[in-house]
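This report refers to the structure that appears directly beneath it.
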Amino acid sequence: MNWRRLILYLLLNAIVSAVVTLSVLAVWDATHPRLAAIATPSPAPQPPLQATQTAAVQPLPSATPTIYEVKGGDTLGSIALAFDVSVEDIMAANGLADANTLNVGQTLVIPVGGLVRPTATAEALGPPASPVARPSTSTVAVQSEPPQLAIRSVTDAGNLATEKVTLINLGGPVNLAGWSLHDDQGNVYTFPVVNLFQSGAIGIHTGVGRDTVTDLFWGQPGPMWQSGETATLADADGKTHTTFVIP
């Protein structure tokens, strides 16, 4: 009889434990509702970029020349660093062959913003993406105003020490390499590599001296000009560009 009572007791204990466990789970479910899964909408797929779409092309800054006078202790490197331009651009703008040769008082043209570079064609860039309007022509024209050089004056004609011809450029920038200056006797001065920007001026001295970006020297032993004579400036192709009659 004892073992029968023991088995009965164990069965009752198991039944009571199961009822209590189920009751606790029911109460828990009633007081703690399950959180519904929140569906996160997927981003709408974007159409793939077309092969012809390109980024907007920003134009290169145009060159804005600045005149700088060389001071003691200056080097092309220090000047380039001060104006945030490259040594090569300064040398190209001034026709310099030696980066280590500078003179105190020498004037340099500083192409702030860099030298003007050719503009790429529209074909090289590819057709623009909508809604950017398609250009009407297949290439982007590079607008460049032609140079307009004029002989502004002939100073102290007949005096070798101070005699000089002054040129001024009223048009676009020009490299004077190959241009020439003639007198009535057939004497010819040929310009070296030197750039003359818009509104820039340069003097051609008859006597001997060292060339700079603002002053060139013919190296003649005597004066070349006289009153009533005509000074003629020709371009690199030998075509007369302008003349000036000395008063």
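The values are calculated or read from the model by the stated rules, or taken from the named source; none is laboratory data. Just so we're clear, the structure is a prediction, and the values are computed from it rather than from any experiment. All Cβ positions, even for glycine, are placed from backbone atoms using ideal geometry, and neighbour counts span all protein chains on display.
Worth pointing out:
- Flag for Lys164 being modelled with pLDDT of 90 or more, farther than 27 Å from Gln106 by Cβ and more than 25 Å from the chain's Cα centre (by Cα): no
- In region 176-196, the qualifying residues are those that are in a loop (DSSP other than H, G, I, E, B) and of a type in the set (Val, Ile, Thr), and the one that is farthest from Thr214 (Cα to Cα) is Val193.
- Within region 151-167, restricting attention to residues that are surrounded by fewer than 16 Cβ atoms within 10 Å (Cβ to Cβ) and of a type outside the set (S, T, N, Q), the residue that is nearest to Lys239 (Cα to Cα) is Arg152.
- The residues of region 238-247 that are in contact (Cβ under 8 Å) with a residue 60 or more places away in the chain and in a loop (DSSP other than H, G, I, E, B) amount to a single one, Ile246.
- Reported count of residues in region 149-175, each being in contact (Cβ under 8 Å) with a residue 12 or more places away in the chain, under 22 Å from Pro221 (Cβ atoms) and part of a loop (DSSP other than H, G, I, E, B), is 6.
- Any hit, region 39-50, residues being over 24 Å from the mean Cα position of the chain (by Cα) and at pLDDT 70 or above: no
- Leu96 being closer than 29 Å to Asp215 by Cα, in contact with a helix residue (DSSP H, G or I) (Cβ under 6 Å, 6 or more places away or on another chain), part of a loop (DSSP other than H, G, I, E, B) and modelled with pLDDT under 90: no
Results for (1) at pLDDT below 95; (2) touching a Cys at 6+ places or on another chain (Cβ under 9 Å); (3) assigned to a loop (DSSP other than H, G, I, E, B); (4) under 23 Å from Gly95 (Cβ atoms), shown as yes or no for each residue.
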position	(1), (2), (3), (4)
Pro135	yes, no, yes, no
Ile204	no, no, no, yes
Gln226	yes, no, yes, no
Ala236	yes, no, yes, yes
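- Between Gly178, Gly200, the distinction of being closer than 20 Å to Gln148 by Cα and touching a Pro at 6+ places or on another chain (Cβ under 8 Å) belongs to Gly200 only.
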